[in-house]
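Since the structure comes first, as structure tokens, the remarks are kept for the end.
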Amino acid sequence: MKRRFPAGPDTNVDDLLAGLASEPEGGRLKVGDERIVDFLVSFARKLLAPATARRYPELASLGFFLRRGEIAKVLRAVETNPGVLRFPRGMVFHVPPANVDTIFVYSWALSALAGNRNVVRISPRSAGAAEAVVEALNAALADAHPAVAQTQVMVTYDRDDKITAALSAACDLRVIWGGDRAVTEVRKMPLAPHSRDVTFPDRASFAAISVAGWEAATPEQRRDVAVGFYNDSYWFDQAACASPRALFWVGDEKGAEAGREEFRRLLIDVVAQKELVVEPAMAVQKRVSAYGVAADGHATSIRFDGNAVATLELTSPGEVPREWLGVGTFPLATLPSLDALVSLVERKDQTLSVFGFSQQELEDLAHDLAGRGIDRIVPFGSALTFSERWDGYDLLAEFTRLVTVQA
């Protein structure tokens, strides 16, 4: 295995596990351990450095998530009552996806804040932003307490069932991100009887705009909506589980038609301003996917605005595709009301990005769904903003154990 963090010579799984089992300098970690907090704050500063943030804007969100004030908020949320004590779960093994190559930092950081020892397998296919993250982590380690390097490990190895099985057998919690097939393959590796999995399998997400809300918005607000939609969709090539796979307009058909056209023009302008370059292979992928949806009878028309934006008019809202069609590909449909979305939602649906609805309308929708799908309803521009509550999990609760004490 190649050591990525702390950077060092290749290692084998037995030596890695032996190192993690030893007592760290300064004693075992605890929930909210200052040694970890100080390191994460230093790491966040490096992510927010102008050169890094300009090159990888998605890392700025990660940097803000790990500021000291934000960490304090997260830790306050898990404060317990007298007689209830919270402790780390133990050793956590993280298997992140390759297509969203920085998501591992969020789950690892929360697990580290919970006082756990962690092993993260970074995919050999990760590049770009993931490499910048690893560089920043190792740079921050120079001023960190030795306990950080002794308890937090990130490695890269090619597919090797023996290594994955050994790490799985040794962990107290396994966190698996990826497609359904990848999750299923990892779950074939047995855990210790006391251990369990937290899984993040295939998910699909959507966006919805209120026709009435759009009509009431100012030109500046409409522009902001397009910018937020761009950030939600184009970061990670629209492959993130929270990136919208389709856009619903909710309201009367005539108003929706006018809103769609204006929104499309605004989005094209934003794409141009961002100087987005779509690689030829991606442009071909989009056309193959879009024409495939139409050939299957799910779309009545397709429109390409260059290589960056493609829109598909769905035959009906129920025909919404959940698979990835290529960055900048947006099936469209109109719904008469927000509650019409309820019958379309499936358990695998995760995030609904919204604009123009009231808080009450959105809470009513959540009650109507009753947990059968959609774990997050967020404003445009916030789909990819990670929090300690994700996919219906309270992650800090998952990463800790409770001990009750009664005299």
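The values are calculated or read from the model by the stated rules, or taken from the named source; none is laboratory data. Not measured: the values here are computed from a predicted model. Every residue, glycine among them, receives a Cβ derived from its backbone with ideal geometry; neighbour counts consider all protein chains shown. With ligands, DNA and RNA removed, areas are computed over all heavy atoms of the protein, side chains included. Shrake-Rupley method; radii C 1.70, N 1.55, O 1.52, S 1.80 Å.
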So residue 178 clears everything in (1) under 20 Å from residue 196 (Cα atoms); (2) of a type in the set (Gly, Ala, Ser); (3) surrounded by fewer than 18 Cβ atoms within 10 Å (Cβ to Cβ); (4) at pLDDT below 95 except one condition, right? Which one?
(3)
Would you confirm whether any residue within region 301-313 is touching a Pro at 6+ places or on another chain (Cβ under 7 Å) and in the same structural domain as residue 284 (by TED's automatic domain parsing)?
yes
Looking for whichever is touching a Pro at 6+ places or on another chain (Cβ under 9 Å), open to solvent by 50 Å² or more (accessible area, probe 1.4 Å), acidic (Asp, Glu) and assigned by TED's automatic domain parsing to the domain that holds residue 337 here; the options are 220, 253, 215. Which one fits?
253
Given (1) on the phi < 0 side of the Ramachandran plot; (2) open to solvent by 10 Å² or more (accessible area, probe 1.4 Å); (3) not in a strand (DSSP E or B), index of the condition residue 237 fails
(1)
Among the candidates 31, 78, 74, which residue alone is open to solvent by less than 50 Å² (accessible area, probe 1.4 Å) and within 23 Å of residue 133 (Cα to Cα)?
74
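For every residue, the table says whether it meets (1) farther than 16 Å from residue 231 by Cβ; (2) under 17 Å from the mean Cα position of the chain (by Cα); (3) charged (D, E, K, R); (4) modelled with pLDDT of 95 or more.
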{"site": "324", "(1), (2), (3), (4)": "yes, yes, no, no"}
{"site": "331", "(1), (2), (3), (4)": "yes, no, no, yes"}
{"site": "358", "(1), (2), (3), (4)": "yes, no, no, yes"}
{"site": "361", "(1), (2), (3), (4)": "yes, no, yes, yes"}
{"site": "369", "(1), (2), (3), (4)": "yes, no, no, yes"}
{"site": "380", "(1), (2), (3), (4)": "no, yes, no, yes"}
{"site": "385", "(1), (2), (3), (4)": "no, yes, no, no"}
Given the options 129, 109, name the one that is within 20 Å of residue 2 (Cα to Cα) and of a type in the set (Gly, Ala, Ser).
129
Please work out which residue is farthest from residue 68 (Cα to Cα), limiting yourself to region 1-39 and to residues that are outside any helix (DSSP H, G or I) and β-branched (Val, Ile, Thr).
11
Are any residues in region 344-381 among the polar types (S, T, N, Q) and either in contact (Cβ under 8 Å) with a residue 24 or more places away in the chain or open to solvent by less than 70 Å² (accessible area, probe 1.4 Å) (or both), and if so, which ones?
350, 351, 353, 358
If you scan region 388-407, which residues turn out to be modelled with pLDDT under 90 and open to solvent by less than 30 Å² (accessible area, probe 1.4 Å)?
388, 390, 391
Looking at region 196-222, which of its residues are without any contact (Cβ under 8 Å) to a residue 40 or more places away in the chain, farther than 30 Å from residue 172 by Cα and of a type in the set (Ser, Thr, Tyr)?
218
Just a yes or no: is a residue in region 205-227 farther than 16 Å from residue 356 by Cβ and touching a Lys or Arg at 6+ places or on another chain (Cβ under 9 Å)?
yes
With respect to residue 294, determine if the residue is without any contact (Cβ under 8 Å) to a residue 40 or more places away in the chain, assigned to a helix (DSSP H, G or I) and under 28 Å from the mean Cα position of the chain (by Cα).
no
Residues of region 121-137 being within 16 Å of residue 44 (Cβ to Cβ) and either among the β-branched types (Val, Ile, Thr) or touching a strand residue (DSSP E or B) at 6+ places or on another chain (Cβ under 6 Å) (or both), in sequence order, are 133, 134, 137
Filter region 122-155 for residues that are outside any helix (DSSP H, G or I), within 28 Å of residue 402 (Cβ to Cβ) and open to solvent by 40 Å² or more (accessible area, probe 1.4 Å) and give the result.
145
Residue count, region 89-121 (criterion: part of a helix (DSSP H, G or I) and either at positive phi or over 12 Å from the mean Cα position of the chain (by Cα) (or both))
6
